[in-house]
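These notes concern the structure reproduced below.
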Amino acid sequence: MATLHKLLKEVDSIVKEIYDQQLEAEVHRKEEYDAAVRIQSWYRGIRTRSLVKNLNRCAIRIQRHYRGFMGRRRIRAILIDSVKRMCLDHYNKQAAQIQKMWRGFYVRKYVFDYYSRKKYLESLVAKNEMIRSELAEQEEAMRREARKREEEETRRRLRAWAERHHYLVSTVVQPSVFNSPYRPFTLPEETLLLNTRPKTPPKVASVGHGFDPSWRQYGQNQLMVRLPSKLPPLPAKPQGPFRQPEEVRAQRYREFQPSLRVATDYEAVKRAREQWRAEEWAGRLYDDEFKPTKALREKAYQPLMHTASEYGHLAYGNAHFREVQPERHVTQDRFRTIVPPVPVFDKLNAEYVEGYVEN
Amino acid sequence: MSQRQVLQVFEQYQKARTQFVQTVAELATRPQNIETLQNAGVMSLLRPLLLDIVPTIQQTAALALGRLANYNDDLAEAVVKGDILPQLVYSLAEQNRFYKKAAAFVLRAVAKHSPELAQAVVDCGALDALVICLEEFDPGVKESAAWALGYIARHGPELAQAVVDAGAVPLLVLCVQEPDLSLKRIAASALSDISKHSPELAQTVVDAGAIAHLAQMVLNPDAKLKRQVFSALAQISKHSVDLAEMVVEAEIFPAVLTCLKDPDEYVRKNCATLIREVAKHTPELSQLIVNAGGVAAIVDFVGDSRGNVRLPGVMMLGYVAAHSENLAMAVIVSRGVLTLDAVLQTESEDHIQAAAAWSLGQIGRHSPEHAKAVAQANVLPKLLRAYLRPDVSEDLQIKSKKALKHILQKCVHLEALEPLLQEAPANILKHVVAQFSKVLPHNPKSRRLFVTSGGLKKIQEIRAEPGSALAEYINTINNCYPEEIVKYYSPGYSDSLLERVEHYLPQT
């Protein structure tokens with residue numbers, strides 16, 4: 001109750017306050033209303049804006065995600081496409097490379113090879129130059145040889161002329177045609193004649209007498225005819241002492257006194273034998289040989305097999321000592337003994353002469 | 001009369017006969033005496049002396065007869081008509097070597113003049129006797145017999161066949177191997193005469209193994225021998241590819257190229273003939289020769305020689321170039337075009353110029369490069385002049401025209417074509433203009449050059465029938481240029497301009 005009392009006491013003031021307040025509020029109602037509206041509109045605005053913003057953000061988010069998804073899809077497609085294209089490009093390039101190489105090879109091998117032809121033509125030019133120089137050298141050599149032969153020929157002819165015409169050389173007393181006193185110079189023929197030896201006419205080989213050993217005055221006839229009556233004068237230098245000229249002459253023209261052996265004909269014995277045999281045959285009355293016994297007279301002579309053999313009579317002293325008749329040998333190989341090799345012989349071979357000891 | 005007096009009469013007669021026959025033989029060496037001798041009836045006097053007992057008189061009578069028959073064919077005919085040949089042939093078999101030599105000389109002298117006389121010699125059965133003589137030991141006899149056989153075989157294929165049928169070829173090949181130089185020469189010349197007529201005869205000679213021995217003698221120092229050897233090898237190889245290949249297999253290249261520089265000009269000529277005959281058959285053989293440096297040697301040979309000697313060289317270059325464009329390029333690179341140009345210019349004989357023109361045509365006809373090389377040597381005006389000269393032979397005309405055509409159809413080198421625009425006749429001009437019409441549409445620089453050098457003007461001056469190929473070409477060229485320029489250069493343009501000036505009314 002106390003409270004009620006207190007409250008009833010204050011009722012008037014409270015009612016007054018309420019009326020005052022209401023009045024104030026009424027005064028300020030519009031303001032406050034406007035202010036409230038403003039605050040509300042601001043707040044609503046904020047809320048709406050934030051809602052819209054949120055919605056926008058959500059829409060944007062959705063759109064973003066969607067667009068990203070679609071874009072990535074498209075990009076993926078493009079990427080696949082471009083990768084495929086890249087692969088195809090690569091394969092095309094590789095194929096083009098193969099075709100390039102194949103076509104180049106094929107054309108160069110079967111149709112036409114430019115570089116090898118170029119190389120060929122260059123090498124041909126080089127070879128031509130080489131051949132030309134070689135041929136020029138050989139031509140030069142041939143010409144030189146021909147010239148040399150010509151020169152040799154002229155020299156030979158000049159020499160032959162000079163040899164045959166040596167009598168045209170000038171002497172101290174008589175100048176020749178080539179050394180005429182009316183000409184200020186001597187002609188070259190003069191030097192040529194002076195430098196060559198004259199050719200003597202060929203000696204006619206005289207048919208000499210055969211050597212007759214019985215000719216005691218051998219050579220005396222020929223020499224005696226040519227002997228001058230007077231000998232040429234001796235030179236001033238003293239020579240001597242001299243023998244008597246008759247002695248010298250006798251010695252010089254002594255008759256040939258050959259020994260009996262020299263004087264005898266080489267075949268004198270053979271001829272003498274044959275002469276004796278002929279004389280004996282001529283004087284012989286009976287041609288039959290004398291055979292002492294009847295057996296020998298009646299039986300035919302049987303020669304020894306040794307001598308009648310077709311392998312020849314191996315008697316000592318056939319045509320010559322150590323005669324061999326290789327055409328009658330069974331084989332041309334040398335006769336070999338089968339002995340074991342002796343090392344001493346090798347040593348001897350090496351020390352003396354190869355083949356000195358034949359194994 | 002005593003025996004000695006009787007014998008003295010015979011001795012005097014023999015001396016008289018000997019002196020007569022020796023004097024006649026000596027007189028027959030000089031040509032001015034032979035007419036007199038013929039009129040004096042020497043033939044009928046010599047005939048009985050052939051049958052004389054004394055061998056010397058026989059031989060000298062045969063020698064005199066040979067010299068007389070050698071001189072001209074009337075006397076040779078008289079020998080044939082006088083029935084002397086059978087006697088000679090008979091005694092060829094019997095007598096000693098001096099008589100054989102003299103008898104073979106008579107046969108040779110008779111056979112050399114004409115095919116009929118050679119046939120008469122063959123009909124007497126001389127071939128067998130001569131072949132027997134080839135088997136003798138004495139080289140002089142062999143030489144005379146081989147010479148006679150060569151002269152017989154020279155005239156024709158039947159006679160050569162008769163010689164071969166007598167079995168002469170193996171013996172001739174044996175003679176070629178003998179050491180005696182003159183015998184080798186004559187045997188080689190006989191083989192050459194036999195093998196020149198037909199491939200079968202050449203094959204017979206080759207089968208006897210001649211090529212190896214001939215090839216060995218290629219490097220012999222004697223010039224006359226080399227002439228005959230090369231002639232023989234050339235005659236063998238000219239007939240077919242197989243024969244040419246067999247000759248080449250004997251390894252004559254490159255030794256043969258040295259003989260192209262021999263001092264003797266007939267050796268060089270025959271050597272060039274051999275190379276030509278080998279090169280003309282197939283491209284492989286030509287390639288072989290080119291690779292051995294043969295083209296350079298031949299080009300030098302053509303440059304150094306004069307006259308008929310260089311004809312085989314010129315033809316060889318043409319044959320080589322004709323086979324393929326590779327070989328034609330090889331000829332160009334070896335300076336062949338310059339040499340052929342010199343030949344065309346300096347030679348006065350028509351057939352050599354014709355050969356040079358033909359060879360140039362073969363070189364230039366393969367491709368534009370070849371035609372350019374030929375045209376740059378300034379050859380085309382010379383060919384044209386050779387074609388147009390009034391006094392040339394038909395052969396030269398035809399060959400130069402063909403060569404021009406071949407080269408022009410491939411030539412795109414316009415500077416060389418322009419001189420031809422002025423001088424060429426209609427049929428050549430067609431080709432020249434055709435080449436211009438091919439090049440000008442694609443090349444602006446050449447178009448400009450064409451105008452400045454006056455070519456366009458000349459084109460306008462050409463009168464062509466409408467519808468002909470020439471008119472078409474001229475049209476093509478005119479279409480490359482703007483109309484005003486074409487009109488400017490067309491003839492009569494200045495007149496039409498002046499007419500316009502006349503008719504023009506000045507605007508007041």
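Please report Rg over Rh for segment B:1-107, where both radii come from the alpha carbon positions and Rh follows the Kirkwood definition.
1.02
Treating only the Cβ of Lys, Arg, Asp and Glu as charged (+1, +1, -1, -1), what charge dipole size does the protein assembly as shown show about its Cα centre? Round to the nearest 20 debye.
The calculated dipole for the protein assembly as shown is roughly 3920 debye.
Report, to one decimal in Å, the Kirkwood hydrodynamic radius for the protein assembly as shown based on all distinct Cα pairs.
Across the protein assembly as shown, the inverse of the average 1/r is 42.5 Å.
How far is helix B:350-364 tilted off the main Cα axis of chain B, in degrees rounded to 10, range 0 to 90?
Roughly 50 degrees between the two axes.
Describe numerically, in nm with one decimal, the distance between label points set 7 Å from Cα along Cα→Cβ at residue A:345 and at residue A:82.
10.2
What total accessible area, in Å², is buried where chains A and B meet, using a 1.4 Å probe and rounding to the nearest 100?
1600
Using only the alpha-carbon atoms, how far is helix B:181-195 inclined from the longest principal axis of chain B? Give it as 0 to 90 degrees, nearest 10.
60
Just the ratio, please: alpha-carbon radius of gyration of segment B:79-123 over 2.2 N^0.38 Å, N its number of residues.
1.09
Between segment A:1-75 and segment B:223-248, how far is it from one alpha carbon centroid to the other, in angstrom?
133
With charges set only on the Cβ (+1 for Lys and Arg, -1 for Asp and Glu), what does the dipole of segment B:436-490 come to about its Cα centre, in debye to the nearest 20?
Using only the charged Cβ atoms, the result is roughly 280 debye.
Once the dipole of chain B is set up with Lys and Arg at +1 and Asp and Glu at -1 on Cβ about the Cα centre, which of B:189, B:105, B:286 lies farthest towards its positive end?
B:286
So for A:335, B:450, A:256, A:242, what's the accessible-area order with a 1.4 Å probe, most first?
These residues rank, largest area first, as A:335, A:242, A:256, B:450.
When each pair of different Cα atoms in segment B:282-413 is counted once in the 1/r mean, what is the Kirkwood radius in angstroms, to one decimal?
14.2
I'd like to know how chain B sits against the 2.2 N^0.38 Å rule of thumb: what's its Cα Rg over that expected value?
That ratio works out to 1.43.
R0 = 22 Å: FRET efficiency of residue A:171 with residue A:151, Cβ-based, nearest 0.05?
After rounding, the FRET efficiency stands at 0.10.
Excluding residues fewer than 8 places away in the same chain, name every one of the lysines whose C-alpha is closer than 29 Å to that of residue B:430.
The reachable lysines, counting only those whose Cα sits under 29 Å from residue B:430, are B:372, B:382, B:399, B:401, B:402, B:405, B:410, B:438, B:445, B:457, B:458, B:487.
Taking accessible area as the heavy-atom solvent-accessible surface of the protein chains with a 1.4 Å probe, which residues of segment B:257-274 lose no less than 50 Å² upon going from the isolated chain to the full protein assembly?
Those residues are B:258, B:261.
Please find the FRET efficiency linking residue A:290 to residue A:269, where r is the Cβ-Cβ separation and R0 is fixed at 35 Å, and quote it to the nearest 0.05.
0.85
Per residue, how large is the accessible surface of chain B? Use a 1.4 angstrom probe and give square angstrom.
Per-residue value: 46 Å².
Taking a point 7 angstrom from the Cα of residue B:445 along the C-beta vector, which residues in segment B:411-434 have backbone N less than 18 Å away?
Label zone hits: B:412-418.
With the cut-off at 14 Å, report for segment B:239-316 the share of all Cα pairs above it, as a whole percent.
Summing the P(r) tail past 14 Å for segment B:239-316 gives 55 percent.
Pop out a list of residues from segment B:333-361 that are at least 10 Å² less accessible with all the protein chains around than in their chain alone; 1.4 Å probe, no ligands or nucleic acids counted.
Correct list: B:333, B:334, B:335.
If one takes the longest principal axis of the Cα atoms in chain B, at what angle in degrees, from 0 to 90 and to the nearest 10, does the Cα axis of helix B:311-323 lie?
Roughly 50 degrees, rounded to the nearest 10.
When the helices in chain B are scored as -39500 (n - 2.57) per DSSP H run of 4 or longer and the sum is shared across all residues, what 222 nm value do you end up with, to the nearest 500 deg cm²/dmol?
Theoretical 222 nm ellipticity from helices: -23500 deg cm²/dmol.
Ignoring ligands, DNA and RNA, please state the percent of accessible area on the protein assembly as shown from carbon and sulfur, probe 1.4 Å.
Taking all protein chains in place, the protein assembly as shown shows 55 percent carbon and sulfur surface.
Determine the relative contact order of chain B: mean sequence separation of Cα pairs under 8 Å and six or more apart, normalised by residue count, in whole percent.
It comes to 6 percent, rounded to a whole number.
Can you give me the C-alpha center-to-center distance between segment B:49-87 and segment A:263-306, rounded to a whole angstrom?
Segment B:49-87 and segment A:263-306 have Cα centres separated by 64 Å.
Rounded, prolate or oblate: which fits segment A:80-167, taking a ≥ b ≥ c as square roots of the Cα gyration tensor eigenvalues, rounded meaning a/c under 1.5, else prolate when a/b beats b/c?
prolate
With the dipole of chain B worked out from charges on the C-beta (+1 for Lys and Arg, -1 for Asp and Glu) around the Cα centre, which of B:55, B:247, B:125 lies farthest toward the positive end?
The residue sitting farthest along the positive end of the dipole is B:247.
Work out the mean other chain Cβ neighbour count within 10 Å for the residues of A:129-139 and drop it here as an integer.
Shielding by partners across A:129-139 averages 5.
For a quick check of understanding: with a 1.4 angstrom probe and all protein chains in place, what accessible area in square angstrom does residue A:6 have, to the nearest ten?
Its accessible surface works out to 130 Å², give or take rounding.
Can you give the charge dipole size of segment A:1-104 about its Cα centre, rounded to the nearest 20 debye, using +1 on the beta carbon of Lys and Arg and -1 on the beta carbon of Asp and Glu?
The calculation lands at about 2040 debye.
Report, in whole Å, the centroid distance computed from the Cα atoms of segment B:360-387 and segment B:114-156.
50
Using the C-alpha atoms of segment B:455-508, what convex hull volume per residue, in cubic angstrom, is computed?
Convex hull volume per residue, Cα atoms: 98 Å³.
The values are calculated or read from the model by the stated rules, or taken from the named source; none is laboratory data. Source: prediction; values computed, not measured. Cβ: placed from backbone, ideal geometry, glycine included. Neighbour counts: every protein chain shown. Protein only, heavy atoms only, side chains kept; ligands, DNA and RNA dropped before computing areas. Shrake-Rupley method; radii C 1.70, N 1.55, O 1.52, S 1.80 Å.
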